[in-house]
1. For a quick check: with amide H placed at 1.01 Å from N, whose amide H comes under 5 Å from residue 35's, ignoring anything fewer than 5 positions away on the same chain?
2. Around residue 3, what is the net charge, scoring Lys/Arg as +1 and Asp/Glu as -1 over all other residues with Cβ under 15 Å from its Cβ?
3. Trypsin sites (Lys or Arg not before Pro), restricted to region 38-108: which are DSSP loop and have at most 13 other Cβ atoms within 10 Å?
4. What whole-number value in cubic angstrom gives the convex hull volume per residue for the C-alpha atoms of region 13-163?
5. How much of the accessible area of region 1-92, in percent, comes from carbon and sulfur atoms when a 1.4 Å probe is used?
6. Give, as a single signed number, the net charge of other residues whose beta carbon lies under 11 Å from the beta carbon of residue 35, with Lys and Arg counted +1 and Asp and Glu -1.
7. So, in nm, how far is label residue 92 from label residue 144 when the simple model puts each one 7 Å beyond its Cα toward the Cβ?
Amino acid sequence: MVTDRVEMPDGGVMERDYQAHPGSVAVLALDEHDRVLVLRQYRHPVRHKLWELPAGLLDVPGENPLHAAQRELYEEAHVKAADWRVLVDLYTTPGGSDEAVRIFLARDLADADGERYVGHAEEADMETGRVPLARLVRGVLAGDLHNSCLVAGVLAVGAARAEGGPDGLDALRDAEAPWPA
């Protein structure tokens, strides 16, 4: 936790507490059948198992966000992707944390080579699945899905397609696009 003294517009000074966070990445992995790779994992602060995208912290100093996303996709789903784009950047809870997340779109999926990563703690009983994108959109709008990266990623894919037509996903930012956060 960090406490900053902040000058307000009226000239007063207030203290503001927030969680300092290293940042994170998430991956919306979309297969050739328009299904999204999802994980179900227990999240203690909300006391629920949530459907999520593969994701992880940027906790290795200097690690490239794309490489971190590729690592997370490998570790959590044992999948690799040939096509990577930036889907959306967001701050998860800007009123209480400085966490910035870059959500990547990964396509042209294949099973990864090598040993499968063995999960620990919350990851030990993690479920994986591939769910049609349209079903996830309906789940978001029905209030059945609550993970912020999953919600933002699913709706961003829909918006990119609506805005750009058949080429909408190809028009997304390059995977190495600058990330000011």
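The values are calculated or read from the model by the stated rules, or taken from the named source; none is laboratory data. The structure displayed is predicted, hence computed values, not measured ones. A quick note on method: Cβ atoms are made from the backbone with ideal geometry, for glycine too, and the neighbour counts reach across all protein chains shown. These area figures cover heavy atoms from the full protein model, side chains too; ligands, DNA and RNA do not enter into them. Shrake-Rupley method; radii C 1.70, N 1.55, O 1.52, S 1.80 Å.
1. 133
2. Taking every other residue near residue 3 into account, the sum is -3.
3. The qualifying sites are 47.
4. Hull volume normalised by residue count: 146 Å³.
5. Reported share for carbon and sulfur atoms: 52 percent.
6. Combined, the nearby Lys, Arg, Asp and Glu give -1.
7. Placing both labels 7 Å beyond Cα along the Cβ direction yields 2.4 nm.
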